[in-house]
Every structure is written in C-alpha cells, then in structure tokens.
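A.B. asks: Structure incoming, see below.
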Amino acid sequence: MSNLASEQFLVKQQPYYHPVGEEVELYEAAYGARMPVMLKGPTGCGKSRFVEYMAWKLGRPLVTVACNEDMTASDLVGRFLLDKDGTRWQDGPLTTAARIGAICYLDEVVEARQDTTVVIHPLTDHRRTLPLDKKGELIQAHPDFQLVISYNPGYQSLMKDLKQSTKQRFGALDFDYPAEAIEVEIVATETGIDKDTAAKLVQIAQRARNLKGHGLDEGISTRLLVYAGQLIAKGVDPVAACSMTLVRPLTDDPDMRETLDAAVATFFVK
C-alpha cells in the first residue's frame, strides 16, 4: 500500500499521557521486538490513550478496532462487496494494518466471538501471516506491524475470557487507576480545572472504587473524572457535574446513588 494509505492512520498530535511506571519503556522494547502486547486493566484507566501515545511516539500508523459480540472474522480481515462494476474485495482493519505496517489495536477483544479471535493467531507467532481464505491470499505482515489487544479482566465472566492459547501469544502490561497525585495531575491537565478541584474529584472516585463488589460493578474511571472536570470548566455547578458524570452513569440503584451523592456532597457542598 502507498504511503498515503498509512498517512491517514498516523496520530498527528501528541496525545496527553502521564506514565505511571515503566510501561513506556517496556512497550518500546516490545515494539522493537514486534512482540504482540496485551493491555489488562479496568475501564477508563488509560489503556487506549496509552496506545495512541505510543503510536505517536514511535511514529507508526494506528488502526483501532472496538470489538463487540457481533463482530465476525470478515469484519476484521475483509470481504467481497458488490458494486456497480461487479464484485470487489475490501480489506478489513486487521488486513489493512498488516499491509501498511501499522499498530493494530483490538480494544476489549474478549467482546468478540472466540472464533473471530482465532484469526489473529498466525499474526502473533513466528509466521506473522494473515490468511485471506475467501480471497485465496496469504499476507506476510509488514515488518513494522504489531498487534495490541486490551480487555478488562475484572469485568469478564468465565464465558468471556481469552483462551490460554490466545493469552500465551502476548506479552502483557497491567494497568490500573493512577496513584492519587498522578490522577490529579491528569484531570487538571486534561480539563483545565485547578488542582484543588481535581483533587476533590479524585477523592470521590477513590471512595466509589472502594465500593466495587459491594454494590458497584465498576468504580469511577479516570475518563469519567475528566468528563466531570470538563463540565466544571464550562461553569457547571460541581455537584450537578458530578451527578451527571460520576453518579448516574455508574448505577440505577437508588441506595447506591444516594451513597455516591453523599460522597460528592462531602467535597462540594458547603
């Protein structure tokens, strides 16, 4: 494929990412070896932003796929389409990435059907190939191609976990919500609010995260804290902003909402 094809997938501006450990250096080494990488961590903790940042830092195109339970192998690799001139083949995102030497990021990969995830296997070992059975073509992945997947292990049922035959094809990096000082820095930088207000949002989140498994399926993510900060930066009352972004999305249970509203009131009601 032409340079123009890969150009459209480049991350043009530096995404904001605050390292929390050695993940940047480890990922750079993994990319140097073209090792497939698995990112594991809770929803909204920065996995997708990390991949965007690394693609920008390495100057590589990034092809992102949001996986879902209806996704078929054809959605990943491609299919024949009918148009006015007859039948033509259209590459899927995985095939495109393999051809142009992009980083292919399969977000929440366990949401895809297991028979779909099997198609990535030949790309994740010494072969680095992608068979297009319907087309009768075997693609040798570009030397710069790398596969990255992510999922939330704490949220998956036993029916929606990766097979060991898939897991053991990847190196893995664990992600979690950042330490308090780093998360305050992230929220303040991303939204423009002052650090005192950002610190209050983070403390609310920490209280909610302690309720995971005790009435909440998930804690408040860093992403939701950024949403709250964005509303506050727009002049929205902090209590209303937190209600909309930190409480209502998490639960419909009246008692749990009351508990979270009380946590918000602790920091923002005088």
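The values are calculated or read from the model by the stated rules, or taken from the named source; none is laboratory data. Everything numeric here is computed off the predicted structure, so don't read it as measured data. Cβ sites come from the backbone with ideal geometry, for glycine too, and all protein chains shown count toward neighbours.
A.B. asks: Here is a list: Asp252, Asp217. Which entry is without any contact (Cβ under 8 Å) to a residue 40 or more places away in the chain and outside the structural domain of Lys47 (by TED's automatic domain parsing)?
C.D. replies: Asp252
A.B. asks: Right, another one. Go through the stretch 198-220 and count every residue that is farther than 19 Å from Ala262 by Cβ and either aromatic (Phe, Trp, Tyr) or modelled with pLDDT of 95 or more (or both).
C.D. replies: Qualifying residue count, the stretch 198-220: 1.
A.B. asks: Then there is this: Quick one: would you say Val11 is of a type outside the set (S, T, N, Q) and within 13 Å of the chain's Cα centre (by Cα)?
C.D. replies: no
A.B. asks: Please list, ordered by residue number, the helices (runs of 4 or more DSSP H) wholly in the stretch 168-270 having 1 or more residues that are out of contact with any Cys (no Cβ under 9 Å at 6 or more places or on another chain) and closer than 17 Å to Gly41 by Cα.
C.D. replies: 180-191, 195-209, 222-233
A.B. asks: I need every pair where a residue in the stretch 77-101 that is farther than 27 Å from Asp125 by Cα has its Cβ under 9 Å from the Cβ of a residue that is β-branched (Val, Ile, Thr), sequence separation at least 6 or different chains.
C.D. replies: Matching pairs, first to second residue: Phe80/Thr87; Leu81/Thr87.
A.B. asks: Something else now. What single numbered condition from (1) touching a residue at least 12 places away in the same chain (Cβ under 8 Å); (2) more than 18 Å from Leu106 (Cβ to Cβ) fails to hold for Asn210?
C.D. replies: (1)
A.B. asks: In addition: For Val20, are the conditions met, namely being at pLDDT 95 or above and either closer than 26 Å to Ile139 by Cβ or not assigned by TED's automatic domain parsing to the domain that holds Leu246 (or both)?
C.D. replies: Against the criterion (at pLDDT 95 or above and either closer than 26 Å to Ile139 by Cβ or not assigned by TED's automatic domain parsing to the domain that holds Leu246 (or both)), Val20 does not qualify.
A.B. asks: For Ala112, indicate whether it is of a type in the set (Gly, Ala, Ser), crowded, with 17+ Cβ neighbours inside 10 Å and within 11 Å of Thr95 (Cα to Cα).
C.D. replies: no
A.B. asks: Kindly provide the set of residues from the stretch 96-140 that are small (Gly, Ala, Ser) and touching a Pro at 6+ places or on another chain (Cβ under 8 Å), ordered by number.
C.D. replies: Ala97, Gly101, Ala102 - these are the residues of the stretch 96-140 that are small (Gly, Ala, Ser) and touching a Pro at 6+ places or on another chain (Cβ under 8 Å).
A.B. asks: Out of the stretch 159-171, which residues are loosely packed, with under 13 Cβ neighbours inside 10 Å and either more than 16 Å from His121 (Cα to Cα) or touching a Phe, Trp or Tyr at 6+ places or on another chain (Cβ under 7 Å) (or both)?
C.D. replies: Met159
A.B. asks: Determine, yes or no, whether Arg49 is in a loop (DSSP other than H, G, I, E, B) and either at pLDDT 95 or above or not assigned by TED's automatic domain parsing to the domain that holds Lys167 (or both).
C.D. replies: no
A.B. asks: Further, regarding this structure: Starting from residues that are of a type in the set (Gly, Ala, Ser) and under 17 Å from the mean Cα position of the chain (by Cα), keep the ones in the stretch 98-132 and report whichever is modelled with the lowest pLDDT.
C.D. replies: Ala112
A.B. asks: Also, I was wondering about something else. Return only the number of the condition from (1) under 25 Å from Tyr17 (Cβ atoms); (2) of a type outside the set (Asp, Glu); (3) in a loop (DSSP other than H, G, I, E, B) that Val148 does not satisfy.
C.D. replies: Condition not satisfied by Val148: (3).
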